[in-house]
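Beneath this line is the structure, given in structure tokens, with notes to follow.
The values are calculated or read from the model by the stated rules, or taken from the named source; none is laboratory data. Keep in mind that what you see is a predicted model, and the values were worked out from it rather than measured. Cβ atoms come from the backbone with ideal geometry, glycine included; neighbour counts cover every protein chain shown.
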Amino acid sequence: MDNDLFHKLPVPKLEDYERFVGAETIDRIFKKIQLMQGMHITNISSTYYGGGVAELLSSLTLLMDSAGVNTGWRIIQGSPDFFTITKKMHNALQGDDINLTARKEELYEHIIYQNVLRNHIHHDLVIVHDPQPLPMVRHYKKKGPWIWRCHIDLSAPNQKMWNYLVPFIEMYDGVVMSIPEYKKDLNTPQFFVMPAIDPFSIKNKEFTEEEVMQRLKHYNIPTDLPLVVQVSRFDASKDPEGVIKAFQIARKKVDATLVLLGAPATDDPEGERIYESILHHRDERIIILSHEDTSLVNALQQKAAVVLQKSLKEGFGLTVTEAMWKGTPVIGGNVGGIKYQIQDGVNGFLVSSIEETADKIVQVLGNPDMAHRMGKLAKQSVRNNFLLTRLLEQEIDIYNSYETIYRVRT
Ligand code: UDP
């Protein structure tokens, strides 16, 4: 590969983060990355777009490649049946009931086997994301460590679901989860790393007011009243119905426009049904959109008077951090990773009910000074804790410890 291309094309590089995290941090990461030179790494997940895993991998793989570590990303293929089953598994890992029949297990394992046949994996390190590709591990002769990276809210999984997956999980050399409270009784070492965002991506870079307005105008989103925004896949755990109800209560006291934006994801076949189930709430001030448009996400998060992420379950909400990075106050569900992202009453609000969400919407819209203060602190907390460099360094530390073990063994 022509390494000069990295200097000509606009791929963010580690050194670009210096202005956010300082030269010392960048030097330290470069030193640690030296130990990984020559390694060939691959990630395996189930979709290139839609959802947090794709968002994360798009940026992280490029950052690692530009820093000199050969890092790839593969996607498994599956029929709609397969993704219907894996979405049910996803929901069950977040606590829903599941009717896990032998037929479903067989289809799941069979499609995975087909993917194994198509994917020739001889990498020094393999990182498998979420339950969809999980069983792949059992079919390969490992050359180096295999890590299962689970992004889901594992605080209270359905036990039957969990028990079925454990034998696959324990074939891995390590499990990475987002927060310590997801820790499980496993024979595999567990690590905890919170996701992070790329400040240089189209989704997160600063737009001019003109760019913002142009994007919103394109979708006929009015800006005469403050915007209350939730950007999320249409998924029951993101509680879009609850968001609308909270807005309907709040609008009795404040004038605003609600925008719900959710792009489809190929590994989430439920999205369309949930989107259609809330469409009847649409009115002049309740806008519900299903579009894949990264610039629109950015414009909405930047322009919003308040962003909601009223999740009932959330491994870690990238949308929360994205909005906070734009200095926008966020009202988030008091669950999963969001509890670690928002400091309640300081740089946002944590809520546990529709009524509380409505109250906080009224409070934020009625107090622009407080909202401005919270937004500033929100941005600062992302700069300190939730930029990709922090995630990269934690992951390198984990991978390097394995590299040593495997080097000693071989
Ligand atoms: N997203 C998007 N367009 C949408 C809805 C979501 O680009 O219409 C992105 C969002 O900006 C974020 C990711 O999808 O980067 C969602 O990640 P999060 O961790 O919030 O939730 P997940 O979908 O992984 O459960």
Just to be sure before I move on: is GLN37 over 24 Å from ALA156 (Cα atoms), assigned to a loop (DSSP other than H, G, I, E, B) and at pLDDT 95 or above in the structure I sent?
no
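VAL228 - would you say it is in a strand (DSSP E or B) and more than 18 Å from the chain's Cα centre (by Cα)? Can you show your working first?
Numbers: in a strand (DSSP E or B): yes; more than 18 Å from the chain's Cα centre (by Cα): yes.
Judged against the criteria, VAL228 is a match.
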Residue that is farthest from the ligand (Cβ to nearest atom), among those in segment 263-288 that are modelled with pLDDT of 95 or more and β-branched (Val, Ile, Thr)
ILE286
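If we scan segment 31-44, do we find a residue that is within 16 Å of the ligand (Cβ to nearest atom) and closer than 28 Å to GLY315 by Cα?
Within segment 31-44 (the criterion being within 16 Å of the ligand (Cβ to nearest atom) and closer than 28 Å to GLY315 by Cα), the answer is yes, since at least one residue qualifies.
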Of all residues in segment 124-144 being in contact with a strand residue (DSSP E or B) (Cβ under 6 Å, 6 or more places away or on another chain) and over 21 Å from TYR108 (Cβ atoms), which is surrounded by the fewest Cβ atoms within 10 Å (Cβ to Cβ)?
ASP124
Just name the residue that is nearest to the ligand (Cβ to nearest atom) out of those in segment 334-343 that are in contact (Cβ under 8 Å) with a residue 40 or more places away in the chain and in a loop (DSSP other than H, G, I, E, B).
GLY337
Please state which of the following conditions THR321 fails to meet, knowing it meets all the rest: (1) within 11 Å of the ligand (Cβ to nearest atom); (2) more than 15 Å from the chain's Cα centre (by Cα).
(2)
Hey, VAL346 hits all of (1) in contact with a helix residue (DSSP H, G or I) (Cβ under 9 Å, 6 or more places away or on another chain); (2) closer than 19 Å to VAL243 by Cβ; (3) not in a helix (DSSP H, G or I) but one; which does it fall short on?
(2)
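Checking the conditions here, which among THR47, THR86 is closer than 23 Å to LEU125 by Cα and within 16 Å of the ligand (Cβ to nearest atom)? Show your work before the answer.
On the way: THR86 fails: closer than 23 Å to LEU125 by Cα.
From the options THR47, THR86, the qualifying one is THR47.
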Please count how many residues of segment 170-206 are aromatic (Phe, Trp, Tyr) and either farther than 30 Å from LYS13 by Cβ or part of a helix (DSSP H, G or I) (or both).
2
Any chance you could count how many residues in segment 92-113 are under 26 Å from GLY337 (Cα atoms) and surrounded by fewer than 20 Cβ atoms within 10 Å (Cβ to Cβ)?
4
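Considering only segment 245-331, give the strands (runs of 3 or more DSSP E) lying wholly within it that have at least 1 residues that are crowded, with 24+ Cβ neighbours inside 10 Å. Steps first, please.
Working: elements: 257-261, 286-289, 306-309.
Counting at least 1 such residues, we get 257-261, 306-309.
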Any chance segment 359-381 includes a residue that's touching a residue at least 60 places away in the same chain (Cβ under 8 Å), under 28 Å from HIS90 (Cβ atoms) and surrounded by 20 or more Cβ atoms within 10 Å (Cβ to Cβ)?
no
ILE331 fails exactly one of the following numbered conditions: (1) away from the ligand (no atom under 16 Å from the Cβ); (2) of a type in the set (Val, Ile, Thr); (3) closer than 24 Å to MET177 by Cα. What is the number of that condition?
(1)
Look through segment 182-233, keep the residues that are of a type in the set (S, T, N, Q) and either modelled with pLDDT under 95 or surrounded by fewer than 20 Cβ atoms within 10 Å (Cβ to Cβ) (or both), and return whichever of them is farthest from the ligand (Cβ to nearest atom).
ASN187
